[in-house]
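The block underneath contains the structure these notes are about, expressed in structure tokens.
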Amino acid sequence: MTLTEKILARAAGKANVQAGDNVWVKADILMTHDVCGPGTIGVFQREFGRNASVWDRNKIVIIPDHYIFTADSKSNRNVDILRDFVKEQGITYFYDVIDDPNGHWVFDSARGQLKRQYGSHYAGVCHTALPQKGHTRPGEILFGTDSHTCMAGAFNEFATGIGNTDAGFVMGTGKLLLKVPETMHFRLEGRLQPGVMAKDVILHCIGEIGFDGATYRAMQFDGPGIADLSMDDRMTIANMAIEAGGKNGIFEFDAQTQASVDQRCQLNGTKASYQPVERDRDEKFVYELTVDLSTLEPIVACHPDPGQRKRAKELNDVKLDRAYIGSCTGGKTSDFLEFARIIRGRRVVIDTFGVPATPETVHDLQSSRWGAQTVWEILVDAGVQMTENASCAACLGGPTDTFGRMNTPLKCISATNRNFPGRMGHKESQVFLASPMTVAASAITGRITDPREFLSGRD
Ligand code: SF4
């Protein structure tokens, strides 16, 4: 069996499963957020009864993160709906925007978009927050009401996005009927060269198979090349499995996975035991691709879908209006550090927005010093508009007052993960997906730029 089949077999209580089998699996975690949470709660209450209890109050994780820092009253109200439900059900893990359990969330636009408006429990973008808060464990099943839930596959678990109806059912029963996906095999070899990042790896893979090339399939990443990929790198790659239509993305378990999971579970006092899955000799794959990481170059996925792969250096004549770094995929501390390595000592020439994925990243950037300045100060001095309000922000457009949203038809290079028309706002805007380093280089020149042009003399 493949890694995915092994996890699904175990969760179904079976010795074996194979692609195409329909199996009932037990969930380990159900995650929801402010956009889909209210709908999921509605389905749960309609189907199980207004007074029904959730299946396990310790296994539901609620993370408001999408439409948070907006004056849109309906969006603000969604956070209140989550808080009321959490209180009613005694749910353990709720990363509220405000500290008062009896309060109401209202974004104060008079204070502007840049200064922090959240309380001490807020966790930021759900997929980045889940591992930080100790909710991703090898061998487990994670369902989330969000398509990029597949990001947690970096931790050797089966993680997939589900709709509100399925999530309402999981909320009541802790189970779900799943068809076992076929597995596509991506064997990674070699080491990434300077200027090339994990984002380039996944944009290359999606470019090979197309934006629907993995539809309802598992994308398994393994091989000697993963040893040099950090957990953040693996998260970036697994995150974008869905951009090829994948049911899930999954990585092999290793010492790095173990160290990261153990540290985060201990730090947060979450469940510390887990059972990873290892590779079998008899895995059956429907597709195999070997990627030599050492030969990859900076890649850009052009408008209008993540499969439109080109090398950054081929696109030097594409003039840009905007650059954006943020999201679950591209807003982690490591992403900002690589971005800052290129930006340091230079100035951006187009509007450039920086949205950390989580408050932890805000803290990291404001406390890491490079010489006399913090990384945060270096970015602000270079002209990057940095907000402390960690969230999804303009990654998915959002209400018109969302930080960084494209309200007019602009061309933007972005460290986010999706670029279908209208994704970041205006329907006629164009989004070019790239690594944080490519976004940085392009922000400096105002054209799509290979970041290796700026690397010489830098460590
Ligand atoms: S940052 Fe973007 S891709 Fe990630 S969860 Fe938020 S909206 Fe979705």
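Throughout, read-outs are computed from the coordinates displayed, never taken from laboratory work. Here the structure is a predicted model, which means the values were calculated and not measured. Cβ coordinates were reconstructed from backbone atoms using ideal geometry, including for glycine residues, and neighbour counts include every protein chain displayed.
Annotations for the structure displayed:
- Each Lys or Arg adds one and each Asp or Glu takes one away; over the other residues whose Cβ falls under 11 Å from the Cβ of residue 64, this sums to -3.
- Pair residue 428, residue 377: separation of 7 Å Cα→Cβ label points (nm): 4.4 nm
- Principal axis analysis of the Cα atoms in the chain yields extents of 56, 55, 41 Å, listed in decreasing size.
- Environment charge at residue 116 (Cβ cut-off 14 Å; Lys +1, Arg +1, Asp -1, Glu -1): -2
- Spherically averaged projected area in nm², based on the convex hull that wraps the Cα atoms of the stretch 48-131: 6.2 nm²
- DSSP bridge pairs, the chain: antiparallel proportion in percent, nearest 5: 20 percent
- Taking amide H as placed 1.01 Å from N in the peptide plane, residue 303 has its amide H under 5 Å from the amide H of 431, each at least 5 places away in sequence or on another chain.
- Amide H within-cut-off set for residue 176, under 5 Å, with H built and near neighbours excluded: 25, 27
- For the chain: relative contact order, % (alpha-carbon pairs under 8 angstrom, 6 or more apart): 17 percent
- Loop-located trypsin sites (Lys or Arg not before Pro) in the stretch 387-454 (DSSP state other than H, G, I, E, B) with a sparse environment of at most 12 neighbouring Cβ atoms within 10 Å: 427.
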